[in-house]
Amino acid sequence: MIASKLPNVGTTIFSRMSQLAAETGALNLSQGFPDFDGPAALREAVARHIAEGHNQYAPMTGLPALRQQIASKVRALYGRAVDADAEITVTPGATEAIFCAVQALIRPGDEAIVLDPCYDSYEPAVELAGGRCVHVPLALPDFAVDWQRLADAITPRTRLLFLNSPHNPSGALLGRDDLDRLAQLLRDRDIHVISDEVYEHLVFDGARHASVLAHDELYARAFVVSSFGKTYHVTGWKTGYVVAPPALSAELRKIHQYVTFCGVTPLQHALADFMASHPQHLAELPAFYQAKRDLFCDLLADSAFRFTRAAGTYFQVVDYSAIRDDLDDVRMAEWLTREHGVASIPVSVFYREPPAGARLVRFCFAKREDTLRQAAERLCAVR
């Protein structure tokens, strides 16, 4: 036996709930993936590039054509001219990008601030680098930053702050005012930022995504992480990228080259082709997912669940306290799966210390209309 480097880590809640859904035949609204395919033209492009022999290693930093498409997107959407060679790195998934950024930054004894509820990969990456996470809870009910608590959490050992907007699991958004306030807080401090923006195009009700890429002061100290899987409905492709200033990108690449070296070549070719030939996809994405959110929420309007419609992502958090206040959210998620045939994710798993009395679960609405209708019918019967 060996001494575990992550003694408190087991099978993730996402795997457990998906497995429970499969065992019980429940509709799986837990793990964050669509139950529909990505665009046909994108899938056809992969087959074409495989047939054309694009099956060997891509460059470590990513296919040049794809990095150039990313640079064009960043300029068009966020007004930033980035060097496709020096500032963009394509990775096998956003999680790998986050891991490599953490390893480049954190040394033994360093601290990283995470805003709870937070995605479950952040803390293990910090611990494996020898650091520790300092958890600052977002303020309920709207999951806003508590700026005083954040300021109080900064110490001379703080080296990194994680941002996530649009926010998983809550769907909340940071605004430009939030970024300005953060920049003021970090000014003259040696603290870097990892900005997890994988849901950047899933922003609803006419709102605009406030990206660190559009903020000069924050970008100078940031790794900005994005996901093709979320944007193009192909989460199983595990392809993402990170944009960072040249000096930070150079350090991230030192780690990346020894973790995976490069992403999958034919997928990168296909994504570059699709980005060039279908630029409208990004503009259409907010309305596409807002329609799914609205359908799901409209169908739940007469249920016993209480909720505020998500401002972004493809997740909807609901309060079930009017139904089973006697169950914590883990047991509630299991009960809903076993007894009512709909799988969800308990929000408490995203916290170090869940707020007392919170009764929240998260549903994924990146599903076909018939799936959402079936799920909502079952949930409306829960009393």
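Just so it is clear, none of the values below were taken in a lab; they were calculated from the coordinates. Quantities reported herein were computed from a predicted structural model and do not represent experimental measurements. In this analysis, Cβ positions are derived from the backbone assuming ideal geometry, glycine residues included, and neighbour counts consider all displayed protein chains.
Among A51, A153, A333, determine the one that fluctuates most according to a GNM of the chain built with springs between C-alpha atoms less than 10 Å apart.
Looking only at A51, A153, A333, the largest GNM fluctuation is found for A51.
For the chain, modelled as a GNM with alpha-carbon contacts under 10 angstrom, which of P169, P124, P108 fluctuates the most?
Of the options given, P108 has the highest mean-square fluctuation.
Straight-line reach from K230: which lysines have a Cα under 22 Å away, not including same-chain ones fewer than 8 places off?
Within the straight-line limit of under 22 Å, K230 reaches these lysines: K73, K238, K292, K367.
Pop a pseudo-label 7 angstrom from the Cα along the beta-carbon direction at both R107 and A381 and give the gap in nm to one decimal.
According to this spin-label approximation, the distance is 6.0 nm.
For a quick check, take a GNM of the chain with Cα springs below 10 Å and name the residue from V330, V90, V114 with the largest mean-square fluctuation.
V330
Could you tell me which residue out of V193, S249, Y119 lies farthest along the dipole of region 40-277 toward its positive end? Charges go on the beta carbon: Lys and Arg +1, Asp and Glu -1, centred on the Cα centre.
After comparing all options, I get S249.
Would you calculate the separation in nanometres between label points at R176 and R331, each defined as 7 Å from the Cα along the Cα-to-beta-carbon direction?
Going from the R176 label point to the R331 one covers 4.8 nm.
Per DSSP helix of 4 or more residues, -39500 (n - 2.57); summed, then divided by the residues of the chain. What does that give at 222 nm, rounded to the nearest 500? Could the numbers behind the result be given before it?
Details: 14 runs with 156 residues, N = 383.
Theoretical 222 nm ellipticity from helices: -12500 deg cm²/dmol.
Please turn the phi angles of region 210-219 into ³J(HN,Hα) values with the Karplus equation 6.51 cos²θ - 1.76 cosθ + 1.60 (θ = phi - 60°), one per residue in order, whole Hz, x for glycine and proline.
Per-residue couplings from phi come out as 8, 8, 4, 4, 8, 10, 4, 5, 6, 4 Hz.
If exposed means no more than 12 neighbouring beta carbons inside 10 Å and the site is in a DSSP loop, what's the longest run of the chain without any exposed chymotrypsin sites (Phe, Trp or Tyr not before Pro)? Please list the in-between numbers first.
Values: sites that count: F36, Y57, F261.
No qualifying site falls inside 58-260, the longest such stretch.
Can you give the FRET efficiency to the nearest 0.05 for R75 and L295, using r as the Cβ-Cβ distance and R₀ = 35 Å? Don't skip to the answer; put the middle values down first.
Values: r = 34 Å, r/R0 = 0.98.
After rounding, the FRET efficiency stands at 0.55.
Select from V382, L42, T337 the residue farthest towards the positive end of the dipole of the chain; place +1 on Cβ of Lys and Arg, -1 on Cβ of Asp and Glu, and compute about the Cα centre.
Farthest towards the positive end: L42.
Can you work out the PRE-style zone for K254? Point 7 Å along Cα to Cβ, and I want the residues of region 102-133 with backbone N under 15 Å.
Of the residues in region 102-133, 102-108 have backbone N under 15 Å from the label point off K254.
Which whole-angstrom value gives the distance between the alpha carbon centres of region 270-305 and region 64-79?
First find each Cα centre; the distance between them is then 22 Å.
Once you have a ≥ b ≥ c as the square roots of the Cα gyration tensor eigenvalues for region 235-320, tell me rounded if a/c is under 1.5, and otherwise prolate or oblate according to whether a/b is larger than b/c.
The shape class here is prolate.
For region 157-167, in order, what is each residue's ³J(HN,Hα) by Karplus, 6.51 cos²θ - 1.76 cosθ + 1.60 with θ = phi - 60°, in whole Hz (x at glycine and Pro)?
Going residue by residue, I get 8, 5, 10, 8, 10, 8, 10, 8, 8, x, 8 Hz, with x marking Gly and Pro.
Report the calculated FRET efficiency for A65 and W147 (r = Cβ-Cβ distance, R0 = 45 Å), to the nearest 0.05.
Details: r = 42 Å, r/R0 = 0.93.
Efficiency for this residue pair is about 0.60.
So between N8 and A287, what do we pick up on full extension, going 0.36 nm a residue minus the alpha carbon distance? Write down the numbers at each step before the final one.
Working: separation 279, 0.36 × 279 = 100.44 nm, distance 4.01 nm.
Taking 0.36 nm per residue and subtracting the Cα distance, the gain is 96.4 nm.
Rounded to the nearest Å, what's the spacing between the alpha carbon centres of region 99-129 and region 315-363? Just the number, please.
When both Cα centres are located, 26 Å separates them.
Using +1 on the beta carbon of Lys and Arg, -1 on that of Asp and Glu, and nothing else charged, what's the dipole of the chain about the Cα centre, debye to 20? Show your work: numbers first, answer last.
Values: 38 positive and 46 negative charges, 79 e Å.
Around 380 debye, computed over the chain.
With the crude spin-label approximation of a point 7 Å out along Cα→Cβ, what separation in nm comes out for D302 versus D190?
That separation, rounded to one decimal, is 6.2 nm.
Between D83 and M1, what is the FRET efficiency for a Förster distance of 41 Å, r being their Cβ-Cβ separation, to the nearest 0.05? Walk me through the numbers on the way to the answer.
Details: r = 48 Å, r/R0 = 1.16.
That pair, D83 with M1, gives E of 0.30.
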